[in-house]
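The values are calculated or read from the model by the stated rules, or taken from the named source; none is laboratory data. Please read all numbers here as calculations on a predicted model, not as lab measurements. So basically every Cβ, Gly included, is an ideal-geometry build from the backbone, and we count neighbours across all protein chains shown.
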Amino acid sequence: MPHQLLAVLGQHRMATTHQLHELLRPGAARQTISAPLNKLRHDGLVDYTVLPASKRTRAWYLTSDGARLTRDFPALRGRPPYPISSATAASLKTPHTLTSVRTHLAFVADARRRGDEHGHLDWTPEVSHPLSDGERLITDAVMHYTLVEASERTKLRAFVEVDRTTMSSERLASKLIEYSRLWSYEPQPVGRPRSRQPATSGAVWLRWYPVFPRVLIVLTGATRYVLDNRIGDLQAMVAEHPLVGSLARQVPLGAAVLEDLEAWGPTSDVWVPLGGGDSRAWTEL
């Protein structure tokens with residue numbers, strides 16, 4: 001359990017006691033999680049910040065020593081450590097990070113109910129991908145999910161963006177342009193004039209994914225009216241931007257409200273296809 005707790009905090013950066021309990025030991029006694037957490041804190045490997053107006057809910061994170069210890073965990077190899085240096089620094093990251101974990105938990109709970117495969121390490125936050133002109137796209141999370149139906153196993157991947165209504169609707173919709181650029185970006189060999197460059201080896205995303213992951217946008221933090229308008233703006237971007245429209249014809253794009261995922265599950269008909277059509281499960285986009 002201590003190893004798993006360190007791995008989850010290394011992967012997700014931060015999680016509440018309740019979230020760690022639901023990820024690792026749902027149905028078990030709360031002490032199953034709280035006792036090893038307190039031991040890890042005594043050893044200087046983790047610490048916590050208390051969430052405001054939350055009846056002293058604790059959000060746990062790795063200390064610098066904890067981050068160094070987890071650097072060589074097989075599950076985290078290659079994952080840059082981002083230790084949180086103080087409770088103040090933790091409080092600045094808390095809202096978005098914990099909302100991302102909430103989103104992950106909705107998929108984890110649904111997978112358990114269905115018998116699919118999606119565990120606590122199948123969600124990688126803050127994944128960076130190169131774009132042209134030296135820019136980078138940092139996706140909120142990359143999700144790996146395996147559908148299990150009879151004897152058939154289908155591996156799915158998704159880029160997940162978590163929107164807490166803290167940015168303008170236009171800026172949120174412009175994220176679709178960034179994903180379109182990643183989808184179409186083929187790096188050019190350096191050191192030769194562009195006119196003399198040979199054919200490239202393909203899109204840059206093929207370095208990491210056999211097919212381009214679907215793009216899922218999860219919204220929360222406002223009234224249903226506001227969230228519906230933001231989804232409408234995302235659909236308008238698909239309809240009006242030629243490159244985003246091309247992406248939508250090749251890659252499933254969908255948006256849903258986080259509270260609907262938690263209430264009904266991600267495989268319910270709660271996702272709005274951004275290219276048009278009736279609401280459906282994320283697996284059917």
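Residues in region 107-114: is at least one surrounded by fewer than 21 Cβ atoms within 10 Å (Cβ to Cβ) and part of a loop (DSSP other than H, G, I, E, B)? No; the residues of region 107-114 include none that is surrounded by fewer than 21 Cβ atoms within 10 Å (Cβ to Cβ) and part of a loop (DSSP other than H, G, I, E, B). Looking only at region 209-235, residues that are closer than 20 Å to THR267 by Cβ, assigned to a helix (DSSP H, G or I) and touching a helix residue (DSSP H, G or I) at 6+ places or on another chain (Cβ under 7 Å) come to 0 in all. Scanning region 265-284 for residues that are surrounded by fewer than 20 Cβ atoms within 10 Å (Cβ to Cβ) and within 22 Å of THR154 (Cα to Cα) returns GLY265, SER268, ASP269, PRO273, SER279, ARG280, ALA281, THR283, GLU284.
Can we say GLU284 is under 18 Å from the mean Cα position of the chain (by Cα) and under 22 Å from ARG112 (Cβ atoms)? No, not satisfied. Residues that are on the phi > 0 side of the Ramachandran plot and assigned to a strand (DSSP E or B) within region 122-148 comprise just one, GLU126.
The rows are residues; the columns are (1) in contact with a strand residue (DSSP E or B) (Cβ under 7 Å, 6 or more places away or on another chain); (2) in the same structural domain as ALA75 (by TED's automatic domain parsing); (3) among the small types (Gly, Ala, Ser).
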| site | (1), (2), (3) |
| --- | --- |
| ARG114 | no, no, no |
| HIS118 | yes, no, no |
| LEU121 | no, no, no |
| PRO125 | yes, no, no |
| SER132 | no, no, yes |
| THR139 | yes, no, no |
| ARG153 | yes, no, no |
| GLU161 | yes, no, no |
| ARG164 | no, no, no |
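As a summary of the residue check, HIS42 satisfies the conditions (1) more than 26 Å from VAL142 (Cα to Cα); (2) modelled with pLDDT of 90 or more; (3) of a type outside the set (Gly, Ala, Ser); (4) in contact with a helix residue (DSSP H, G or I) (Cβ under 9 Å, 6 or more places away or on another chain) except for the one numbered (4).
Can you find a residue in region 178-197 that is at pLDDT 95 or above, of a type in the set (A, V, I, L, M) and either at negative phi or surrounded by 11 or more Cβ atoms within 10 Å (Cβ to Cβ) (or both)? Yes, some residue in region 178-197 is at pLDDT 95 or above, of a type in the set (A, V, I, L, M) and either at negative phi or surrounded by 11 or more Cβ atoms within 10 Å (Cβ to Cβ) (or both).
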